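Visitor: So that we are looking at the same thing, I have put the structure below in structure tokens.
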Amino acid sequence: SLHDALPISDEKNGRACYLGRISGAQLANLYTEHKSALFTLNIRNYIGDNLTNKTIRRTAIESPTEFFYFNNGISALARRVEPDPEDRTGRTLKCENFSVVNGAQTIRSLNKAHIDKPFEVKNVQVLIRLTEVEAKKTQSQQEFLDNVTKYNNTQNSIRVSDFRSNDKVQYDIMKRFEALPAVEGKKFLYKNKRSGEREAGRIVIGMEEFVKTIFAFMFGPDDVFGGTGYLFDATKEGGYVRLFGDGRELLPSLS
């Protein structure tokens, strides 16, 4: 059942797309019924209980009403999509050859959460984009299918350090570097946000390398050598709070 479904048609290419909400419990039941066949056109199935998938499960159980806002949703394809004549509300769509091309991790995690806490997961709502495609397998149609799968599963990677780029403490460091005198005619630039732009005529200091260096100097290199996960963990057990305090104001020790 799709709630608030908004149909978008592409008559020239014989395609239609529906945007709406689907319940987490329904997605969990779909997986229970169809298993990995639900992801026929996806480039991968469930990749295991990594940190991201554990977080999805925890959000579904502990913050079900906020899940819709935190999750990117799922994208699916179907050979034919039409309203179910038995549902007078128009909220049920019948799909043939339904396949999820992006969202296997979300669905499998919801299924696991539903097994543990079915009452909580019934309140989860998930954004869904459902695209109807032609049944005939022409070359152009196959290219379209390949591109839908490719582009729905292609995105720039996010580093854990990126989540700290907007902290007040990082902005404060940036202003301090700006205030430093020039060296051989070059001013300092503290890049608290990653970008591919070249900064000619500036002495560029990257946030990740800077924090690694300061942490190694103050506490030793062991945690830095192990990666940035601990270093940019802003929880009370993480290295970021150990170095910068609560993330809003610089500690006096960092002059």
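Visitor: Can you give the calculated 222 nm mean residue ellipticity of the chain, where each DSSP H run of n ≥ 4 adds -39,500 (n - 2.57) and the sum is split over every residue, rounded to the nearest 500 deg cm²/dmol?
Guide: -10500 deg cm²/dmol
Visitor: Could you rank the peptides 81-89, 55-63 by their average count of other C-beta atoms within 10 Å per residue, with the highest value first?
Guide: 55-63, 81-89
Visitor: If you stretched the chain out fully between D116 and Q26, how much longer would it get, using 0.36 nm times the residue separation minus the C-alpha to C-alpha distance?
Guide: Residue separation times 0.36 nm, minus the Cα-Cα distance, leaves 30.9 nm.
Visitor: Also, quick follow-up: List the lysines whose alpha-carbon lies under 21 Å from that of K236, not counting same-chain residues fewer than 8 positions away?
Guide: Hits, sequence-local ones excluded: K54, K168, K212.
Visitor: Still on this structure, please answer the following. Rounded to the nearest 10 Å², what accessible area does H114 have for a 1.4 Å probe in the complete protein model?
Guide: Number for this one is 40 Å².
Visitor: Set the Förster radius R0 to 45 Å, insert the Cβ-Cβ distance between M218 and T52 as r into 1/(1 + (r/R0)^6), and round the FRET efficiency to 0.05.
Guide: Step by step, r from the Cβ atoms, then E = 0.90.
Visitor: Could the peptides 70-78, 171-179 be put in order, highest first, of the mean number of other beta-carbon atoms found within 10 Å of their residues?
Guide: Going by the mean number of other Cβ atoms within 10 Å, highest first, we get 70-78, 171-179.
Visitor: May I pose another question? Using only the Cα atoms of the stretch 41-150, build the gyration tensor, take square roots of its eigenvalues as a ≥ b ≥ c, and label the shape rounded, prolate or oblate: rounded if a/c is under 1.5, else prolate if a/b is larger than b/c, else oblate.
Guide: Note, shape of the stretch 41-150 comes out oblate.
Visitor: Going from the alpha-carbon gyration tensor of the stretch 133-227, what semi-axes, largest first and in whole Å, does one get by taking the root of 5 times each eigenvalue? Don't jump to the answer; show the numbers that get you there.
Guide: Working: eigenvalues 363, 72, 25 Å².
Equivalent-ellipsoid dimensions as semi-axes: 43, 19, 11 Å.
Visitor: Still on this model: No solvent, one uniform scatterer per C-alpha: report log10 I(q)/I(0) for the stretch 75-206 via the Debye equation at q = 0.09, 0.10 1/Å, two decimals.
Guide: Per q value, in the given order, log10 I(q)/I(0) is -0.57, -0.65.
The values are calculated or read from the model by the stated rules, or taken from the named source; none is laboratory data. Keep in mind that this is a model prediction, so the values were computed, not measured. Using ideal geometry, Cβ is built from the backbone for each residue, glycine included, and neighbour counts are taken over all protein chains shown. For the accessible areas, the whole protein counts, side chains as well, though only heavy atoms, and no ligand, DNA or RNA atoms are used. Shrake-Rupley method; radii C 1.70, N 1.55, O 1.52, S 1.80 Å.
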